[in-house]
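Trainee: Quick one: structure below, then a few questions.
The values are calculated or read from the model by the stated rules, or taken from the named source; none is laboratory data. All values reported here derive from a predicted model rather than from experimental measurement. Heads up, the Cβs are rebuilt from the backbone with ideal geometry, glycines too, and the neighbour counts pull from every protein chain shown. Ligands, DNA and RNA are excluded from the accessible area calculation, which covers all protein heavy atoms including side chains. Shrake-Rupley method; radii C 1.70, N 1.55, O 1.52, S 1.80 Å.
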Amino acid sequence: MIEAKRDEVEALCRMLSVRRLDLFGSAVGTAFDVDSGDVDVLVEFAVGPGFDYFGTYFD
């Protein structure tokens, strides 16, 4: 499922200045349940002067 959305995820990462995005937990294994599971992510932003970390993260 995640691979099917790869182009959209990459575009969103570029738009939000995401330097690195990692998935972990059940979403990376075969036991992931689309109906009841959640996707755990670790995000590293390309920060610079005036970067609004809080605002960008919750956008």
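Trainee: Only one of these conditions is not met by GLY37: (1) part of a loop (DSSP other than H, G, I, E, B); (2) open to solvent by 50 Å² or more (accessible area, probe 1.4 Å); (3) on the phi < 0 side of the Ramachandran plot. Which number is it?
Mentor: In the conditions (1) part of a loop (DSSP other than H, G, I, E, B); (2) open to solvent by 50 Å² or more (accessible area, probe 1.4 Å); (3) on the phi < 0 side of the Ramachandran plot, GLY37 misses (2) alone.
Trainee: What do you reckon, is LEU21 at pLDDT 80 or above and surrounded by 10 or more Cβ atoms within 10 Å (Cβ to Cβ)?
Mentor: Criteria met by LEU21.
Trainee: Only one of PHE45, PHE32 is surrounded by 12 or more Cβ atoms within 10 Å (Cβ to Cβ) and either among the hydroxyl-bearing types (Ser, Thr, Tyr) or touching a strand residue (DSSP E or B) at 6+ places or on another chain (Cβ under 7 Å) (or both); which?
Mentor: Selected residue: PHE45, the only one of PHE45, PHE32 that is surrounded by 12 or more Cβ atoms within 10 Å (Cβ to Cβ) and either among the hydroxyl-bearing types (Ser, Thr, Tyr) or touching a strand residue (DSSP E or B) at 6+ places or on another chain (Cβ under 7 Å) (or both).
Trainee: Working only within the range 1-14, note down all residues that are of a type in the set (A, V, I, L, M), in a helix (DSSP H, G or I) and surrounded by 10 or more Cβ atoms within 10 Å (Cβ to Cβ).
Mentor: Result: VAL9, ALA11, LEU12.
Trainee: State all residues of the range 21-55 that are among the acidic types (Asp, Glu) and closer than 17 Å to LYS5 by Cα; if no residue qualifies, say none.
Mentor: If the condition is that a residue be among the acidic types (Asp, Glu) and closer than 17 Å to LYS5 by Cα, then ASP22, ASP33, ASP35, ASP38, ASP40 are the ones that fit.
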